[in-house]
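The values are calculated or read from the model by the stated rules, or taken from the named source; none is laboratory data. All values reported here derive from a predicted model rather than from experimental measurement. Cβ placement follows ideal geometry from the backbone for every residue including glycine, while neighbour counts extend to all protein chains displayed.
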Amino acid sequence: MDTGVVENNKESYIGNLVLPIAILGLSAICFIQSLGFPTNEDVGPAAVPFLWIGFTVVFCTALIIQAVLRRGKPDPVSGKISFVFLFVGWLIVYLGAIELIGYFLSTFIFLVGSMYVLTYRKHVIIFSVSIGWLIFSYIIFAKFLYIPLPIGPILKPILS
């Protein structure tokens, strides 16, 4: 009887292992790709990816150790997997809408819709976070980094 309890207890930490291991795999792919970046300077284009990968490896290793030692919260009880697929579909629609209607409008609709679907119902907070994110992205990407975000045909007459 005790072995069944121990087995169930080990299984409850599988999710805590799978995610950091998957992220470490993606980090390895990014590391391999960044090895092809030019290295003609002391701090070249690969410096930032190397930093991100380094921090990611450290944090994922800490999460793996925590899961192996069975510290922290065990995996939650499984929920509705259909909701995950629905949200992935919503994300794909959002990414397609960025080119069609522009970053700003599609992101606003995506953020408001996502928070509402995730059962958050404080409308002032929903709209404040959505508008705040758009202002933040505009300042950082368009004004500070000079990276143009897709405007789309609806906002083009207003913002151009």
Specify the residue that is surrounded by the most Cβ atoms within 10 Å (Cβ to Cβ); the eligible residues are those in segment 68-87 that are among the aliphatic types (A, V, I, L, M) and within 23 Å of T119 (Cα to Cα). L86
State whether one or more residues within segment 62-72 are within 28 Å of N16 (Cα to Cα) and among the basic types (K, R). yes
Check segment 51-73 and report whether any residue there is touching a helix residue (DSSP H, G or I) at 6+ places or on another chain (Cβ under 8 Å), at positive phi and in a loop (DSSP other than H, G, I, E, B). yes
I'm trying to understand the selection: among the residues of segment 1-33, which are among the polar types (S, T, N, Q) and at pLDDT below 90? T3, N8, N9, S12, N16
Any hit, segment 51-60, residues being touching a Cys at 6+ places or on another chain (Cβ under 9 Å), surrounded by 13 or more Cβ atoms within 10 Å (Cβ to Cβ) and among the hydroxyl-bearing types (S, T, Y): yes
For segment 99-117, name all the residues that are among the small types (G, A, S), on the phi < 0 side of the Ramachandran plot and in contact (Cβ under 8 Å) with a residue 40 or more places away in the chain. S106
Answer yes or no as to whether V57 is among the β-branched types (V, I, T) and either at pLDDT below 80 or in contact with a Pro (Cβ under 7 Å, 6 or more places away or on another chain) (or both). no
Does segment 122-142 contain any residue that is modelled with pLDDT of 95 or more, over 28 Å from N16 (Cα atoms) and not in a helix (DSSP H, G or I)? yes
For segment 110-160, what are the residues that are among the hydroxyl-bearing types (S, T, Y), surrounded by 11 or more Cβ atoms within 10 Å (Cβ to Cβ) and more than 21 Å from L100 (Cβ to Cβ)? Y116, Y120, S128
For V84, only one of the following conditions fails: (1) within 30 Å of I14 (Cβ to Cβ); (2) under 17 Å from the mean Cα position of the chain (by Cα); (3) at pLDDT 90 or above. What is its number? (3)
